[in-house]
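Notes to accompany the following structure.
Bear in mind these aren't lab numbers, they're just calculated from the coordinates by the rules spelled out. Bear in mind the structure is a predicted one, so any value in this text is a computation, not a measurement. Because the Cβ atoms are built from the backbone with ideal geometry, glycine has one as well, and the counts that use them run over all protein chains shown.
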Amino acid sequence: MRSSVALWLLAPALLSGCAIRPTLAPAPLAQADQAVERLIALRQLPGAAVWIERVGHGSHHRAYGQRAVDPQPEPVDEATVFDAASLTKPVVTATLVQLLRERGQLDMEAPLQRYLPGCGGGDKAGITLRHLLTHSSGLPASLPGNGAGDWAGPDDAERIACGLPLTAVPGTLFRYSDVNFILLGRIVERVSGMPLAPYAAQALFEPLGMEDSGYVPLQRIDAARIAPTERLPDGHLLRGEVHDPTARKMGGVAGHAGLFTTTADLARFARMLLAGGLAEGGRRLLSPESVALLTTPQSPAALAEKRSMGWDIASPFSRPRGSLYPPTSFGHTGFTGCAFWLDPTSRSFFVLLSNRVHPGLGTNVLPLYGELGTLAAQAAGVTP
């Protein structure tokens with residue numbers, strides 16, 4: 001595995017024939033603005049915030065449209081806090097897993113049952129942390145009814161998840177699964193000895209200066225800064241409450257969803273990863289080995305879909321790569337209308353945060369993901 005990691009890390013140098021401009025090109029940035037504004041005009045999302053950057057060569061960040069249209073219009077600004085949905089998986093949970101691995105508290109090849117004793121017998125005996133992180137465990141995509149049922153709290157969620165039958169032998173099938181990261185979130189809590197929300201704040205957000213990021217934002221942020229999401233059938237508008245139904249029943253704190261954040265905070269996170277684990281000011285957050293595990297293929301060799309230990313690299317969910325970023329780039333998306341894609345070759349990235357589910361479901365921003373990926377690469381000077 002180490003040799004394959006080394007080859008993957010060498011790939012950016014092999015791809016260095018791609019021309020890289022010394023600064024961000026203005027024309028693609030203007031096209032990116034137009035692309036977001038077009039989707040707003042088509043009512044596919046009420047508003048959004050975008051950050052495009054090539055580290056050391058400039059950034060472009062803007063807010064567009066309205067963060068709320070119900071019950072009344074409110075314009076988005078760059079301080080708007082968004083529900084980042086499944087960006088929670090790679091940004092929070094996968095990062096915390098690596099921090100615990102560095103301390104010798106987690107082993108990626110260890111069976112699930114070592115860390116969750118009540119979850120790993122029978123057909124689950126072969127599940128490892130690597131399987132959970134690469135979505136190759138064989139577990140279903142979600143809890144039954146996506147949070148429906150007479151249960152509440154993280155203990156119940158873990159119990160239900162551990163009782164689910166496998167639909168494939170671990171390591172033989174890629175299936176993107178919230179259940180994998182629900183269990184990883186519980187493992188982080190057990191091993192760290194802290195609840196997930198304060199541990200994430202202490203170990204990740206505070207060291208990186210991600211001041212607006214975290215779980216359960218109403219405990220520390222004015223609701224007026226938070227973009228609302230769906231109005232539920234009973235009339236309740238979700239604002240500062242996580243949109244994901246399962247995470248909401250878990251108290252808003254889960255390994256698969258629950259992160260609220262801003263584009264500026266995610267830009268800080270991106271710079272750290274692209275700097276090999278170094279935060280601004282030179283403080284090391286992650287070791288080079290952790291960065292490699294988070295940014296290079298770690299899926300079982302038999303699988304065509306390639307995931308790192310948390311991030312998407314080559315799968316049906318890789319649309320934000322666009323048409324120019326190389327195979328060594330990686331990223332993730334979120335159901336609420338979020339996309340985050342990073343390219344070590346050009347040391348560039350883009351962030352899109354939106355609340356396409358406000359005030360209701362039924363919109364489609366998937367084409368925007370790929371368009372922004374291509375334009376961000378063009379702005380960074382990446383050419384075929």
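Here are a few things to note about the model shown:
- Restricting the calculation to Cα atoms, every distinct pair contributes to the Kirkwood radius of segment 184-315, found to be 16.6 Å.
- Counting neighbouring beta carbons within 10 Å and listing from fewest to most, the residues Ser136, Ser59 come out as Ser59, Ser136.
- Charge sum, other residues only, whose C-beta stays under 12 Å from Asp312's C-beta, Lys/Arg counted +1 and Asp/Glu -1: +4
- Simple point charges give the picture: +1 on the Cβ of Lys and Arg, -1 on the Cβ of Asp and Glu, and for segment 280-384 a dipole about the Cα centre of about 80 debye.
- Once the chain from Asp155 to Thr383 is taken as fully extended at 0.36 nm per residue, the excess over their C-alpha distance is 77.2 nm.
- Gaussian network model of the chain, springs between alpha carbon atoms under 10 Å - residue of Leu164, Leu24, Leu352 with greatest fluctuation: Leu164
- Dipole check for the chain: with +1 at the C-beta of Lys and Arg, -1 at the C-beta of Asp and Glu, and the Cα centre as origin, the magnitude is about 800 Debye.
- Its relative contact order, with pairs defined as Cα atoms under 8 Å and 6+ residues apart, puts segment 268-361 at 16 percent.
- If the segment from Gln31 to Ala141 were pulled out straight at 0.36 nm per residue, it would be longer than the present Cα-Cα gap by 36.0 nm.
- Based on the Kirkwood approach, the hydrodynamic radius assigned to segment 279-328 is 12.3 Å, with every pair of different Cα atoms included.
- Net length available on complete extension from Gln202 to Arg190 is 2.7 nm, with 0.36 nm assigned per residue and the Cα-Cα distance removed.
- Helix content alone sets the calculated 222 nm mean residue ellipticity of the chain: runs of n ≥ 4 DSSP H residues at -39500 (n - 2.57) each, divided across all residues, give -8500 deg cm²/dmol.
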